[in-house]
Amino acid sequence: MLRMSFLQHLEELRTRIFRALSGVGIAFILSLTFSNQLWIFVQKPAEQALKTLQVLPPKLHQFTPMEGFNIIWFKLPIICAIFLGSPWILYQIWAFISPGLYRRERRWAAPFILGSAGLFIGGGIFAYFVIFRYGLTFLLGLAPRDYVEQTVSMSDYFDLFCNVILGVGLVFELPVLIFFLTLLRIVSPGFLVRHSRYAILAIFIIAAIVTPTPDVFNLMLFATPMCLLFYVGIFASYLLVLHREGRKFPWRKAILIGGGVLLLVAGVLYLAITRYGYKLVPHWPFLMR
């Protein structure tokens with residue numbers, strides 16, 4: 001293992017921070033060239049929500065001269081640069097902590113970077129296409145339209161958009177956090193399973209804070225994937241423990257059991273559609289007569 005003094009650690013930290021910021025800066029310049037297209041993409045949920053509520057024209061409003069410039073040409077490229085540069089940022093984080101790990105543990109660099117970046121970007125995509133769209137429609141529909149005129153400023157909309165997208169993206173890093181804590185021998189799979197009820201309670205509390213709506217449906221829409229991610233993290237930490245102990249996971253048996261369950265579910269759906277007249281629909285509960 002490498003040995004470094006305190007000042008060498010600070011020097012290494014400064015170098016990694018500078019390199020991470022340089023990568024984000026390059027991604028920011030790249031994002032600037034597509035600012036208009038990015039804004040069209042970002043405002044789509046607002047447009048669809050206003051159309052659903054029959055608010056015409058379905059447009060956001062600019063109330064100050066600098067509002068459009070600050071959002072479209074500064075804040076939005078920064079958010080995009082964070083997502084684009086997330087693999088590079090995570091690589092710099094790993095490069096900073098890797099000297100404190102054993103050589104066999106440094107081989108987890110590629111899975112750590114790819115998994116972390118994938119979960120962060122996947123969380124943002126899930127928030128954009130599911131949580132934010134349903135939540136925004138619910139929020140705008142709370143006020144009685146006969147007495148309240150719907151006027152949404154682009155600043156308020158973008159602030160809510162950033163809070164939800166970044167918040168969900170960070171929360172989706174839960175499996176990586178669990179794996180990293182197991183790698184450092186702070187927690188174990190058995191400990192996590194024994195205390196899973198407290199973790200699920202914490203997930204629902206976080207879901208209530210991050211979800212932009214107070215209704216149970218959107219709360220469950222966010223909390224259910226988070227509970228699944230928690231158990232995915234436990235499974236990843238269990239694989240790590242097996243690897244440390246020189247044991248192998250019975251992948252063949254797991255694939256056979258998983259395939260059997262998927263075939264059973266597919267058979268039930270086939271019978272429901274062909275014999276009982278159900279059909280698939282693109283909204284909850286996804287299967288209706």
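Averaging over all projection directions, find the projected area of the Cα convex hull of the chain and quote it in nm² with one decimal place.
20.8
If you average the sequence gap of Cα pairs under 8 Å that are 6 or more apart and divide by the length of the chain, what percent do you get for the contact order?
It rounds to 18 percent for the chain.
How big is Rg to Rh over the stretch 1-124, alpha-carbon atoms, Rh as the Kirkwood inverse-mean-distance radius?
Value, to two decimals: 1.15.
Gaussian network model of the chain, Cα springs within a sub-10 Å range: biggest mean-square fluctuation belongs to which of VAL187, VAL24, VAL176?
Looking only at VAL187, VAL24, VAL176, the largest GNM fluctuation is found for VAL187.
Using DSSP H assignments, which helices in the chain have an axial alpha-carbon span of 30 Å or above and a mean Kyte-Doolittle hydropathy of -1.0 or higher?
Qualifying helices: 6-32, 216-244, 251-274.
Which whole-number percentage describes the relative contact order of the stretch 142-255, with Cα contacts under 8 Å and a sequence gap of 6 or more?
Contact order relative to length: 34 percent.
Tell me the label-point distance for the pair VAL216, ARG289, using the 7 Å Cα-to-Cβ offset, in nm and rounded to one decimal.
Reported label-point gap for VAL216 and ARG289 is 2.4 nm.
Okay, helix-only estimate at 222 nm for the chain: each DSSP H run of n ≥ 4 adds -39500 (n - 2.57), divide by all residues, round to 500 deg cm²/dmol; what do you get?
Value at 222 nm, helices only, nearest 500: -22000 deg cm²/dmol.
Taking the chain as a Gaussian network, Cα atoms linked when under 10 Å apart, which of TYR198, TYR278, TYR128 shows the biggest mean-square fluctuation?
TYR278
What nm value, rounded to one decimal, do you get for the distance between LYS75 and PHE129 when each label is placed 7 Å out toward the C-beta?
Computed distance between label sites LYS75 and PHE129 equals 2.6 nm.
Which one of ARG107, ARG19, ARG275 has the biggest mean-square fluctuation once the chain is modelled by GNM with Cα springs under 10 Å?
Maximum among the listed residues: ARG275.
According to a simple spin-label model (label point 7 Å from Cα along Cα-to-Cβ), what is the distance in nm between THR52 and ILE40?
Spacing of the two 7 Å Cα→Cβ label points: 2.3 nm.
Note the full-extension length gain between ARG107 and GLU12 as 0.36 nm times their separation in residues minus their Cα-Cα distance, in nm to one decimal.
In short, 32.1 nm is gained.
Only the coordinates and a few stated rules stand behind these numbers; no lab work does. Just so you know, these numbers come straight off a predicted model, no measurement behind them. Methodologically, a virtual Cβ is constructed for each residue, glycine included, from the backbone with ideal geometry; neighbour enumeration extends over all protein chains shown.
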